[in-house]
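Some notes on the structure that comes next.
The values are calculated or read from the model by the stated rules, or taken from the named source; none is laboratory data. As the structure is a computational prediction, the values presented were derived from the model and not from experiment. Because the Cβ atoms are built from the backbone with ideal geometry, glycine has one as well, and the counts that use them run over all protein chains shown. Areas reflect the complete protein model, heavy atoms only, side chains present, ligands, DNA and RNA absent. Shrake-Rupley method; radii C 1.70, N 1.55, O 1.52, S 1.80 Å.
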Amino acid sequence: MNDELKSSAQKVQKALQAQGLNCEIVQMQETTRTAKDAAQAVGCEVGQIVKSLIFKSKQSRKPILVVASGANRVNEKVLGQQISEPVKMANAEFVREMTGFAIGGVPPVGHQHPLTIFIDEDLLQYEEIWAAAGTPHAVFKLTPDELKMITSGTVISVK
Ligand code: 5CA
């Protein structure tokens, strides 16, 4: 493991610190690119992995971030009802442009642009959860309350 954080991971660390959260970012040798990879790398249930998924509203083209449990598939219809506009999954380019991070490392904080944020209620059942920290090899551990605090997201059922 490398002690020096990659610049994308540093960006996340700074964003967390700015929010008063002193989580340690862990850089893994193994890939943490997908929820399954991350669960395997840290040794937790896939449901405890925070997926940060970007959607785009079809008309106004606004970015929406859903922080979902790794165990769940986000129902786009449910999300569309929340914002009163149909949504679609964003492509890799939109993800990078809006968040400043590449797919596989998108964190729940530290984004380039402000995003409308929803939190999957299923994450709240766990004592601790793990989120991506800017790269496909970096994660950090936090509690559901901390996730709510740093994202100011609205808790919904996403399934
Ligand atoms: N680091 C892990 C766990 S913390 C992670 O970032 N998981 S993730 O689920 O949030 O990111 C992977 C997600 O990116 C996939 O679930 C998928 O929804 C999305 N994705 C993967 N490839 C593409 C693509 N080509 N275009 C748009 N979205 C993609």
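In nm, to one decimal, how far is the GLU85 label point from the GLN112 one, both placed 7 Å along Cα→Cβ?
Once both label points are built, they end up 1.9 nm from each other.
When ligands, DNA and RNA are left out and all protein chains stay put, how many square angstrom of accessible area per residue does the range 5-159 have with a 1.4 Å probe? The partial results should precede the final answer.
Working: 7750 Å² over 155 residues.
Counting only protein heavy atoms, the per-residue value for the range 5-159 is 50 Å².
Which value in Å is the Kirkwood Rh of the range 74-159 over different Cα pairs?
Working: mean 1/r = 0.0723 Å⁻¹.
Kirkwood radius, the range 74-159: 13.8 Å.
Tell me the carbon and sulfur percent of the accessible area for the chain, rounded to whole percent, probe radius 1.4 Å.
C and S fraction of accessible area: 44 percent.
By the gyration tensor of its Cα atoms, with a ≥ b ≥ c the square roots of the eigenvalues, what is the shape of the range 32-123: rounded for a/c under 1.5, prolate for a/b over b/c, or oblate?
Oblate, since a/c reaches 1.5 and b/c is not below a/b.
Could you compute the FRET efficiency for ILE156 and GLN10, with r as their C-beta to C-beta distance and R0 at 25 Å, rounded to 0.05?
That pair, ILE156 with GLN10, gives E of 0.20.
Pairs of alpha-carbon atoms within less than 8 angstrom and 6+ residues apart define the contacts here; what relative contact order does the range 7-156 have, in percent?
Numbers: 309 pairs, mean separation 43.7, N = 150.
Rounded, it is 29 percent for the range 7-156.
When you have a sec, figure out the Kirkwood radius of the chain from all distinct Cα pair distances and drop it here in Å to one decimal? Walk me through the numbers before you get to the answer.
Numbers: mean 1/r = 0.0651 Å⁻¹.
For the chain, the Kirkwood estimate is 15.4 Å.
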